[in-house]
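Step one of this worksheet: look at the structure below.
Rule-based calculations on the coordinates, nothing more; no lab input. Computed from a predicted structure; not experimentally measured. Backbone-built Cβ (ideal geometry, glycine too); neighbour counts: all protein chains shown.
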Amino acid sequence: MELIESPSDLRAALRGAGSVGFVPTMGYLHDGHASLVARARAENDRVVVSVFVNPLQFGPGEDLARYPRDLDRDRRVAAGAGADLLFVPHPEALYPAGFATRVEVGGPSEGLEGASRPGHFSGVATVVLKLLNLVSPTRAYFGEKDWQQLAVVRRVVRDLNVPVEIVGCPTVREESGLARSSRNSYLTGEQQTRAAVLARALRAAQDAHARGAGRAESILGAAREVLATEREVQLDYLALVDALDLTPLDAVTDPASARLLVAARLFGVRLIDNMPLVPEPQGASGLPTRQPGGTA
Ligand code: PAF
């Protein structure tokens, strides 16, 4: 696997490459990232992984300075999962002096993470568009763990006619149910086990719906009861939303298009998780067949 730092070397390395699968990351790669790389490997001639901790998507007081970084580990995980190229640009290469352009996204970026982290999705959309322009991939792979981010990226690609297929990949979980995240490294083993309360709460909401609950109030009430069992949980939001446009639902009319999302601070670390309202068979992707902004 080749490590490339400059955008011009990247372009040269990808000239005449055939189909290109791209996995953008902020590094500190774990099994969740490896599953994206493996999927990209299976579906493309060449696979590029980028590692870039994007300052634009961190707000003041967030964890930019302490975000975990380990390039040796990233090389190992990316190569082990089948990447051909690891693109590790310097911040000045992506944001040169005088950089003054931002991608602002409405729709799915409003509310939830967008409300809690002002400017976050603009930072994500800006860097993702830059990376897509630099790599020109056939397909780009994103984890469903960041469900709202996936919806935002799909919307940017659709609205700005970016010629790439966006592929959403299922969340990889610990045995406890905790969704894999680079930020889990801030927690001890015991804290990680306790943080799995977020996943248990979402499952309780799924169960409540399966038992017949149809209003958000009672579905989310079941999740709240589970969250209340862990004193460390400082809930940011718990929501039942339309899976594509992220608008809140009061009642479930189309269960296949409903998604549960949660964000909470535990042990000083902000964690997010999400699940479909109706559990999927193992390995299936949670994307409803309806396209963003479409009707069928
Ligand atoms: O999900 C992430 O790791 C980041 O938000 C992304 C998509 C790499 C953009 O910086």
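Computed quantities for the displayed model
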item: Beta bridges by DSSP in the chain, antiparallel share as percent, to the nearest 5; result: 50
item: Per-residue ³J(HN,Hα) for the range 6-15, Karplus 6.51 cos²θ - 1.76 cosθ + 1.60, θ = phi - 60°, Hz, x for Gly and Pro; result: 9, x, 5, 5, 5, 4, 4, 5, 9, 4
item: Chymotrypsin sites (Phe, Trp or Tyr not before Pro) restricted to the range 36-113 and DSSP loop, no more than 15 other C-beta within 10 Å; result: F99
item: For the range 24-84, the spread of Cα positions along each principal axis, largest first, Å; result: 40, 20, 16
item: Stretch gain in nm, segment R231-L64, where the contour uses 0.36 nm per residue and the Cα spacing is subtracted; result: 57.4 nm
item: Where trypsin sites (Lys or Arg not before Pro) fall in DSSP loop in the range 1-39, at most 10 other Cβ within 10 Å; result: R15
item: Neighbour-limited loop hits for trypsin sites (Lys or Arg not before Pro), the range 161-263 (at most 16 other Cβ within 10 Å; DSSP other than H, G, I, E, B); result: R211, R231
item: Spin-label proximity, L3 to the range 17-34 - amide N less than 20 Å from point 7 Å beyond Cα toward beta carbon; result: 23-31, 33-34
item: CD proxy at 222 nm, helix term only [per DSSP H run n ≥ 4: -39500 (n - 2.57); per residue of the chain; nearest 500]; result: -10000 deg cm²/dmol
item: Longest site-free stretch - the chain; sites: GluC sites (Glu not before Pro), DSSP loop, at most 11 other Cβ within 10 Å; result: 176-296
item: Alpha carbon Rg of the range 1-151, scaled by the compact-globule rule 2.2 N^0.38 Å; result: 1.02
item: Cα pair distances of the chain binned at 10 Å [whole percent]; result: 6, 27, 36, 23, 7, 1
item: Overall Cα dimensions of the range 108-173 - principal axes, largest extent first, Å; result: 32, 28, 17
item: Spatial separation of Cα centroids for the range 1-75 and the range 250-270, in angstrom; result: 27
